[in-house]
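Here the structure comes first, spelled out in structure tokens, and everything after it is commentary.
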Amino acid sequence: MPPLPPLPPSARETWRLLRGTEPVGEILVDEVDMPWLEGEFRPGPAWPEFAPGFAECHRLAEAEDWEGWERVYGPLEDACTLHSPDGPVAEFMLHVEPPRARFRFHREPFEEDRAR
């Protein structure tokens, strides 16, 4: 199946990755292939602290070392919140390989998170 055409500029949304109130980066969404969204990643002031972790996640995923990936990704996800134009989402999976980022999200926590 061929890739979907890019979104027109009027349909693009900016999502924000934050640590507390500090910007880690922004994602200008320009492609949607549900459940994944993809776009241009614009690093924020906190990005240098997170860049090595996301690079390691990419390396581990390429090596299909999923246990290692979970060990590295978990603290990154715990430290950040992903905000849609409507506000924060409860769950997300994010891959950042500057200048691009790809993510999926859920507005509600997963069932296992509610049980904690």
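When the charge dipole of the chain is built from unit charges on Cβ atoms (+1 for Lys and Arg, -1 for Asp and Glu) and taken about the Cα centre, the candidate among Leu94, Leu18, Pro109 whose Cα reaches farthest toward its positive end is Leu18. If you wrap the tightest convex hull around every Cα atom of the chain and split its volume per residue, you get 128 Å³.
The GluC sites (Glu not before Pro) of the stretch 16-103 that DSSP puts in a loop, and whose beta carbon has at most 10 other beta carbons within 10 Å, are Glu64. Each Lys and Arg contributes +1 and each Asp and Glu -1, all at the Cβ; summed about the Cα centre of the chain, the dipole is approximately 340 debye. Please report the base-10 log of the normalised intensity I(q)/I(0) for the stretch 47-113, using a Debye sum with one equal scatterer per alpha carbon and no solvent, at each q in 0.23 (1/Å). At q = 0.23 Å⁻¹ the computed log10 ratios are -1.11.
Readers should treat all values here as calculations from the given coordinates under stated rules, not as data from a laboratory. Model, not experiment: these values are computed from the prediction. Note: ideal-geometry Cβ built from the backbone for every residue, glycine included; neighbour counts use all protein chains shown.
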